[in-house]
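For reference, the structure is listed below as C-alpha cells.
Every read-out reported here was derived from the displayed coordinates using simple, explicitly stated rules and does not represent laboratory data. Here the structure is a predicted model, which means the values were calculated and not measured. Heads up, the Cβs are rebuilt from the backbone with ideal geometry, glycines too, and the neighbour counts pull from every protein chain shown.
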C-alpha cells in the first residue's frame, strides 16, 4: 500500500496549487462519486497502475499483495493512493465521497474491464 499525503506546491491570495502526479504517463482520468457505504474496486489489475486521489470525503482502504495479509488505512481528502499491478484494492466510503482515478494501462472506455479481475468476496474478509 502506498498512500501519499499531497501538499500544496504554491499558495497565494488566489488559492492553492497542488500537483497530484508528476512525470507519470496516464491513459485515463475518471471521477467516481460514492455514497456512504458504497464499495469501489474490490479487484486487481494485471497490467494497470492506478492513482486514486481523494477529492472529497473519506474511505476505508483495503489492499493486499499476493500471499500477504490485508492492509487497512483510512484515506481522506488530499490523499493519493497508488495501486500497482496485482495489488488487490477496495475502497469503502465512510461518507459521501469523490475520487479522481488516473490509470496507466487499460482502464477506460471500451477497455474498462479488460484488465480488471473482480474478487469473490470483500477484500477485508480475506486473510491471505
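Between residue 25 and residue 96, full extension at 0.36 nm per residue minus the direct alpha carbon distance yields a gain of 22.6 nm. Among 76-82, 25-31, 100-106, sorting by the average number of other beta carbon atoms lying within 10 angstrom of each residue, highest first, gives 100-106, 76-82, 25-31. Packing around the peptides 11-17, 87-93, taken as the average count of other Cβ atoms within 10 Å per residue, puts them in this order, highest first: 87-93, 11-17. Please report the relative contact order for the chain, taking Cα pairs under 8 Å with a sequence separation of at least 6, and give it as a percent rounded to a whole number. Across the chain, relative contact order equals 35 percent.
Remark: spin-label model distance residue 43-residue 71 equals 2.2 nm, labels positioned 7 Å along the Cα→Cβ axis. Between segment 50-128 and segment 18-39, the alpha-carbon centres lie 10 Å apart.
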